[in-house]
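One structure, pasted below without further comment.
The values are calculated or read from the model by the stated rules, or taken from the named source; none is laboratory data. For clarity, every value in this text was computed on a predicted model and none was experimentally measured. Positions of Cβ are generated from backbone atoms using ideal geometry, with glycine treated the same way; all protein chains shown enter the neighbour counts.
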Amino acid sequence: MIRIPDAEHDTLRLGERPLVVCDIDEVVLEFVTPFQGFLKANGHELRPRSFRLTGNIVNLEDGRETEAEDVGRLIEAFFSEQAEWQTPVEAAAESLANLSDDADIVFLTAMPPRHRSMRRELLSRHGFDYPMIATESPKGPAVRALHGDRTHPVVFLDDIFVNLHSVREHMPQTLLINLMANPTFRALAPDPGDGVSVATDWPHAESLIRAHIAA
Ligand SMILES: [Mg+2]
């Protein structure tokens, strides 16, 4: 079994019950919408024409496309200031609180561990008191490490297809849910692929999860 390094996670104690592994950006915290505000405040603008950030950001000074390297730098700067920008996704706190009566909730965020303490504080401020793993490793092996060979139902929610497909590959029994808070990007998203359910919002995701763990 693959170990998750201690520096990357809170105390993880799973009960003998279903497991819901949940991404953070665009799933429980708004990312795209506040990032648009952050870009404007820093002389750039996101103009969504396709389902990606790089290529759709322009420098407001000269109207030129912002290079991938600079987009990476802007995302990093945004995460350093996330506590001032990111807000909860509508109904996420309520749905997770409902589900936590019957399942363990664990956050799995693709974020350098150096931002972990700020993110932990931000989540707790909004009532998301569930343990978090912050790692840049692929998500499939991380879910596998977490769930092991337990036979309880397992659910994974994420906005990024590569993460959903990674979990599909390593944990094929998982209920995979694609959830994306930003309506513009949700409308631009291609089909998420075989075996991935698309949830339009948290109440929808909650009903899909309830049906899965009751089955
Ligand atoms: Mg995300």
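Name, by its number, the condition in (1) crowded, with 18+ Cβ neighbours inside 10 Å; (2) closer than 15 Å to VAL143 by Cα that does not hold for LEU14.
Just one mismatch for LEU14, condition (1).
Just checking: which of the helices (runs of 4 or more DSSP H) contained wholly in the stretch 109-215 hold 3 or more residues that are surrounded by fewer than 19 Cβ atoms within 10 Å (Cβ to Cβ) and out of contact with any Gly (no Cβ under 8 Å at 6 or more places or on another chain)?
Where helices (runs of 4 or more DSSP H) fall fully within the stretch 109-215 and carry at least 3 residues being surrounded by fewer than 19 Cβ atoms within 10 Å (Cβ to Cβ) and out of contact with any Gly (no Cβ under 8 Å at 6 or more places or on another chain), they are 116-125, 183-188, 202-214.
Among the residues of the stretch 136-172, write down those that are of a type outside the set (A, V, I, L, M, F, W, C), within 30 Å of ALA187 (Cβ to Cβ) and within 16 Å of the ligand (Cβ to nearest atom).
Passing the criteria: GLU136, PRO138, LYS139, GLY140, ASP158, ASP159, ASN163, HIS165, SER166.
Considering the stretch 163-215 alone, what residues qualify as being more than 25 Å from LEU46 (Cβ to Cβ), without any contact (Cβ under 8 Å) to a residue 12 or more places away in the chain and under 17 Å from the mean Cα position of the chain (by Cα)?
Hit for the stretch 163-215 is HIS204, nothing else.
Let me ask another. Filter the stretch 163-213 down to the residues that are aromatic (Phe, Trp, Tyr) and under 15 Å from ALA92 (Cβ atoms) and list them by number.
Passing the criteria: only TRP202.
Going through the stretch 33-48 one residue at a time, which ones are touching a residue at least 24 places away in the same chain (Cβ under 8 Å) and either of a type in the set (Asp, Glu) or surrounded by fewer than 16 Cβ atoms within 10 Å (Cβ to Cβ) (or both)?
If the condition is that a residue be touching a residue at least 24 places away in the same chain (Cβ under 8 Å) and either of a type in the set (Asp, Glu) or surrounded by fewer than 16 Cβ atoms within 10 Å (Cβ to Cβ) (or both), then GLY37, ASN42 are the ones that fit.
Can I ask one more? Just to be sure, is THR66 hydroxyl-bearing (Ser, Thr, Tyr), surrounded by 15 or more Cβ atoms within 10 Å (Cβ to Cβ) and not assigned by TED's automatic domain parsing to the domain that holds ARG186?
Details: hydroxyl-bearing (Ser, Thr, Tyr): yes; surrounded by 15 or more Cβ atoms within 10 Å (Cβ to Cβ): yes; not assigned by TED's automatic domain parsing to the domain that holds ARG186: yes.
It is true that THR66 is hydroxyl-bearing (Ser, Thr, Tyr), surrounded by 15 or more Cβ atoms within 10 Å (Cβ to Cβ) and not assigned by TED's automatic domain parsing to the domain that holds ARG186.
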